[in-house]
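The values are calculated or read from the model by the stated rules, or taken from the named source; none is laboratory data. All of these numbers come straight from a predicted model, not from anything done at the bench. So basically every Cβ, Gly included, is an ideal-geometry build from the backbone, and we count neighbours across all protein chains shown. Protein only, heavy atoms only, side chains kept; ligands, DNA and RNA dropped before computing areas. Shrake-Rupley method; radii C 1.70, N 1.55, O 1.52, S 1.80 Å.
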Amino acid sequence: MKKILLALTASVALSAAAAWPEKSVNVIVPFPAGGSTDTIARAMAQHMGEKLGQPFVVDNRPGATGTIGATAVKRAAPDGYTLLVASLGPFVIAPHLVKNIPYDAVKDFDYISLPVQAPNVLVASPAQKARTVADVIAALKAQPGKISFASSGNGSSDHLSAELFWQQSGTSGLHIPYKGGAPAINDLLGGQVDFSFQNVNAVLAHIRAGKLHAIAVTGDRRSPVLLDVPTLAEAGVKGAEIYSWQGLAAPRGLPAEVKKKLADAAIQAISEPALKKRLTEQGMEIVANTPEEFAAFQAREYARWKTLIEARRITAD
């Protein structure tokens, strides 16, 4: 009798997976509406919904450096009806910064696909005379700990870019954390802070308008939208490569068939020609990798940021 019940349960699960999705899918974004992650999530939700025949509804749940939304996904049923689209923060940074985090980023999620990544760019305020990495390093060495670098918050990719830059260049600056990228950029434009490592897509318009000076990018190659701007490695600072990225995940334990459907739809969505063109024009790079590739990438990033955060004694406070 027990074997019959187990067989029936397995049959029902397989049938549900085969029929998925039969209703709307909730896509949790653990940040406010309007940011890069939200933009990516909404674009993918629209295309995935069209592909799979059910609405993919974005649900913004900001707070606690993205861990509130990530926790909600971790606690949801692994049936494909609750997804998480987040930046690298909740996946590989917050676990090393936030005490008693209520999820294990390595064990509690099924990683579906990493749709896009983008390097950060070191930008100078209009008041700064620095135009090269050598100029910035000289200024930092002349005034150790006094040259200000704005970021969107403690533990953000722009903050960690600065920490890694200081570490690899043997310098020190003054970190000024803000509550989000927009206020950091506003103060940078106004000259209240000296420099910042910002997502390329967030400051590209300001660079093109001549309101900010682009000095170097943090990628392992030049950005297609800033071809005249060198990488940090080209400028002599090696080992400081950083990409900001967004990823699609789900609660651990997805049925294999649902996971495959999700991954296929996500990859097709981000590879749709019009969307791909729009994102690349904003400075994003299309990755669209497989679940296996994303899981391996997340593990590498998790270990890397753990090492840096511990070495630099970075906290969320």
(message) Once each part is reduced to its C-alpha centroid, what is the distance from the range 238-317 to the range 119-141 in angstrom?
(response) 29
(request) Just list whichever of LYS129/LYS179; LYS23/LYS74; LYS141/LYS211; LYS74/LYS238; LYS51/LYS277 have alpha carbons separated by over 29 Å in the model shown. (result) LYS74/LYS238
(request) Quick one: among TYR243, TYR178, TYR111, which has the greatest mean-square fluctuation in a GNM of the chain with alpha-carbon springs under 10 angstrom? (result) TYR178
(request) With a 1.4 Å probe and every protein chain kept in, tell me what percent of the accessible surface of the chain is carbon plus sulfur. (result) 55
(message) In the chain, once you exclude exposed trypsin sites (Lys or Arg not before Pro) (DSSP loop, at most 14 other Cβ within 10 angstrom), what's the longest stretch remaining?
(response) 239-312
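Dipole magnitude of the chain about its Cα centre, charges +1 at Lys/Arg Cβ and -1 at Asp/Glu Cβ only, in debye to the nearest 20?
300
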(message) Can you work out the Karplus-derived ³J(HN,Hα) for every residue in the range 299-306? Use 6.51 cos²θ - 1.76 cosθ + 1.60 with θ = phi - 60°, whole Hz, and x for glycine or proline.
(response) 5, 5, 5, 4, 5, 4, 6, 4
(request) Search the structure for amide H atoms under 5 Å from the amide H of ASP110, placed 1.01 Å from N in the peptide plane, and list their residues when 5 or more places away or on another chain. (result) ALA250, ARG252, GLY253
(message) Spelling out what I want: for every residue of the range 180-186, take phi, set θ = phi - 60°, compute 6.51 cos²θ - 1.76 cosθ + 1.60 (Karplus), and round to whole Hz; glycine and proline get x.
(response) x, x, 4, x, 5, 5, 4
(message) Using Cα springs under 10 Å in a Gaussian network model of the chain, which residue among ALA216, ALA263, ALA33 shows the largest mean-square fluctuation?
(response) ALA33
(request) Normalising by the residue count of the range 119-235, find the relative contact order in percent from Cα pairs under 8 Å and 6+ residues apart. (result) 39
(request) Lys and Arg at +1, Asp and Glu at -1: add these up for the other residues within a Cβ distance under 15 Å of LEU83 and post the number. (result) +4
(message) Which residue, ILE112, LEU52, LEU88, has the largest displacement toward the positive end of the dipole of the range 40-120 when charges sit on each Cβ (Lys, Arg +1; Asp, Glu -1)?
(response) LEU88
(request) Quick one: among SER196, SER151, SER172, which has the greatest mean-square fluctuation in a GNM of the chain with alpha-carbon springs under 10 angstrom? (result) SER172
(request) Enumerate the amide H contacts of ASN289 below 5 Å, restricted to partners 5 or more residues apart or on another chain; note that Pro and chain-start residues carry no placed amide H. (result) LEU114
(message) Angle check, please: helix 2-19 long axis (alpha carbons) against the longest principal axis of the chain (alpha carbons), in degrees 0 to 90, nearest 10.
(response) 50
(message) When only alpha-carbon atoms are used, what values of Rg and Dmax, in angstrom, describe the chain?
(response) 20.8, 80
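Based on the Cβ-Cβ distance from LEU174 to ALA134, what FRET efficiency comes out when R0 is 25 Å, to the nearest 0.05?
Numbers: r = 20 Å, r/R0 = 0.80.
According to the calculation, E is roughly 0.80.
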(request) Let me know the charge dipole size of the range 119-235 about its Cα centre in debye, to the nearest 20, where only the beta-carbon of Lys, Arg (+1) and Asp, Glu (-1) is charged. (result) 180
(request) Give a residue-ordered list of calculated ³J(HN,Hα) values for the range 93-105 (Karplus: 6.51 cos²θ - 1.76 cosθ + 1.60, θ = phi - 60°; whole Hz; x for Gly, Pro). (result) 10, 3, x, 9, 10, 9, 6, 6, 4, x, 8, 10, 5
(message) Leaving out ligands and nucleic acids, and using a 1.4 Å probe, what accessible area per residue does the chain come to in Å²?
(response) 44
(request) Pull up all non-local amide H partners of LEU83: gap of 5 or more, or a different chain, and H-to-H distance under 5 Å with H placed in the peptide plane. (result) ASN26, VAL27, ILE28
(message) How far apart, in nanometres, would the label points at VAL57 and GLN167 be if each is projected 7 angstrom from Cα along the Cα-to-Cβ direction?
(response) 4.2
(message) Please state the shape class of the range 119-235: rounded when a/c is under 1.5, otherwise prolate if a/b exceeds b/c and oblate if not, all from the C-alpha gyration tensor.
(response) rounded
